[in-house]
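See below for the structure under consideration.
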Amino acid sequence: MYVPPHNREERPEVMHQLIRAQPLGLVISAGDSGLVANPLPFVLHAEAGPHGTLECHLARANTQWQDLGAAGECLVVFQGPQAYITPSWYPAKREHGKVVPTWNYVVVQARGRPTVSEDRPWLRRHLEELVDQNEEPFDEPWRMTDAPEEYLAAQVKGIVGVSIEITELRGKWKLSQNRSVADQQGTALGLLARGGASAEVGSMMDDMLEANGCPIRH
C-alpha cells in the first residue's frame, strides 16, 4: 500500500481500534486457483503476538481456507470511514482555483501467517467471542446458549477456523493533511454538514485538527 509520510499511522492502539470498530476484513490470499478475496468478520486478540492475532472462520464449502492452510502469508484489509472531497470546500478555490477533487479515507492492512483449525473447542470459543463482541451494543443480546445445542453442533461442522498471527500492520489516514489548515477546516465542516458516512470522516478530521491546536467552529 502506498502511504505518504503525512498519511502514515503507526500507533498499534489506533490501528487496533479501527479493526475493532470495522471488524469485517477483506481476506486476500493466493493459491492454486490464483488470487482470492473474501469479506469475513474478525476477532482481534491484541496481546497475542507482537502485533496481535486475528481470528475468523469460513464456510467449509469456501475453498479459500485450503489456500490459507497452504499459504505462508495472507493480507487482511480493514476499511474505515471514507468520503468524496469536493474542491468547493477549500478556501483555496476562491483564492487561486488551483484545486482538484480527492477522496479521504482510513484503512488498515494486516499481513500475517494463517493457521487453519478444525478443532471443535477452538471453533466454539471463537464463535462465542465473535457473537459476544457484536451483540454487546444490543439491549437484549443474543447468546449461543439461546439456540439448541444440536443445531449449533451441526453449524460448527460446516465451518473452518483461521488464526492469523499479524507480522505487519500498516495504517493510512488520508485526511487532507497535505492541505492548508483553512482547507482542512473547510473540508471538515463540509463533511459534517453532509451527514451520514461523510460525517464520520469529518469527525475524524475535527479530532485531528483539535489535537493539532486548530479546532473548527461548528
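Residues being within 22 Å of the chain's Cα centre (by Cα), surrounded by fewer than 20 Cβ atoms within 10 Å (Cβ to Cβ), in a helix (DSSP H, G or I) and in contact (Cβ under 8 Å) with a residue 12 or more places away in the chain: count how many of those fall in the range 150-201.
Residues flagged as within 22 Å of the chain's Cα centre (by Cα), surrounded by fewer than 20 Cβ atoms within 10 Å (Cβ to Cβ), in a helix (DSSP H, G or I) and in contact (Cβ under 8 Å) with a residue 12 or more places away in the chain within the range 150-201 amount to 4.
Output the number of the condition that Ile216 fails; it satisfies all remaining conditions of (1) crowded, with 22+ Cβ neighbours inside 10 Å; (2) aliphatic (A, V, I, L, M); (3) at pLDDT below 95.
(1)
What number of residues within the range 204-213 satisfy the criterion of being touching a residue at least 40 places away in the same chain (Cβ under 8 Å) and more than 17 Å from the chain's Cα centre (by Cα)? Spell out the reasoning first.
Quick first cut of the range 204-213, residues touching a residue at least 40 places away in the same chain (Cβ under 8 Å) only: 204-205.
This time we only want the ones that are more than 17 Å from the chain's Cα centre (by Cα), so: 205.
So the count comes out to 1.
Based on this model, can you work out whether Glu95 counts as more than 25 Å from the chain's Cα centre (by Cα), within 30 Å of Leu175 (Cβ to Cβ) and surrounded by fewer than 14 Cβ atoms within 10 Å (Cβ to Cβ)?
Values: more than 25 Å from the chain's Cα centre (by Cα): yes; within 30 Å of Leu175 (Cβ to Cβ): yes; surrounded by fewer than 14 Cβ atoms within 10 Å (Cβ to Cβ): yes.
Yes.
Just the residues that are more than 26 Å from Pro23 (Cβ to Cβ) and either free of Cβ contacts under 8 Å to residues at least 40 places away in the same chain or surrounded by fewer than 21 Cβ atoms within 10 Å (Cβ to Cβ) (or both), please, taken from the range 65-92. Before the answer, list the steps.
Let us first name the residues in the range 65-92 that are more than 26 Å from Pro23 (Cβ to Cβ), namely 85-92.
Hits for the range 65-92 are Thr86, Pro87, Ser88, Pro91, Ala92.
Can you tell me which residue among Val77, Val162, Val100 is among the hydrophobic types (A, V, I, L, M, F, W, C) and out of contact with any strand residue (DSSP E or B) (no Cβ under 9 Å at 6 or more places or on another chain)?
Numbers: Val77 fails: out of contact with any strand residue (DSSP E or B) (no Cβ under 9 Å at 6 or more places or on another chain); Val162 fails: out of contact with any strand residue (DSSP E or B) (no Cβ under 9 Å at 6 or more places or on another chain).
Residue meeting the stated conditions: Val100.
Residue under question is Leu123, and the condition is that it be closer than 30 Å to Leu175 by Cα and in contact with a His (Cβ under 8 Å, 6 or more places away or on another chain); does it hold? Steps first, answer last, please.
Working: closer than 30 Å to Leu175 by Cα: no; in contact with a His (Cβ under 8 Å, 6 or more places away or on another chain): yes.
Answer is no for this residue.
If I filter the range 110-149 down to residues being closer than 19 Å to Ala71 by Cβ and among the small types (Gly, Ala, Ser), which single residue comes out as surrounded by the most Cβ atoms within 10 Å (Cβ to Cβ)?
Ala110
Within the range 14-37, is even one residue assigned to a helix (DSSP H, G or I) and small (Gly, Ala, Ser)? Don't jump to the end; show me each part of the working.
Here is the first cut: in the range 14-37, the residues assigned to a helix (DSSP H, G or I) are 14-21.
Checking which are small (Gly, Ala, Ser) leaves us with 21.
Checked against the condition, which is being assigned to a helix (DSSP H, G or I) and small (Gly, Ala, Ser), the range 14-37 yields at least one hit.
Those residues that are under 24 Å from Gln155 (Cβ atoms), over 15 Å from the mean Cα position of the chain (by Cα) and among the charged types (D, E, K, R), I need them from the range 29-76; list them, please.
Arg60, Asp67
Per-residue answers, yes or no, for (1) in contact with a helix residue (DSSP H, G or I) (Cβ under 6 Å, 6 or more places away or on another chain); (2) touching a residue at least 40 places away in the same chain (Cβ under 8 Å); (3) farther than 15 Å from Val107 by Cα; (4) surrounded by 15 or more Cβ atoms within 10 Å (Cβ to Cβ):
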| residue | (1), (2), (3), (4) |
| --- | --- |
| Met15 | no, yes, no, yes |
| Asp32 | no, no, yes, no |
| Leu35 | no, no, yes, no |
| Pro39 | no, no, no, no |
| Cys56 | no, yes, yes, yes |
| Arg60 | no, yes, yes, no |
| Thr63 | no, no, yes, no |
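Exactly one condition in (1) crowded, with 18+ Cβ neighbours inside 10 Å; (2) farther than 16 Å from Gly171 by Cα is false for Gly25; which is it?
Failed condition: (2).
Of all helices (runs of 4 or more DSSP H) completely enclosed by the range 38-135, which ones contain at least 2 residues that are at pLDDT 95 or above and either acidic (Asp, Glu) or closer than 30 Å to Gln185 by Cα (or both)?
Working: elements: 64-70, 91-95, 120-135.
Fully inside the range 38-135 and qualifying: 120-135.
The values are calculated or read from the model by the stated rules, or taken from the named source; none is laboratory data. These numbers come from a predicted model, not from an experiment. Positions of Cβ are backbone-derived with ideal geometry, glycine not excepted, and every protein chain shown enters the neighbour counts.
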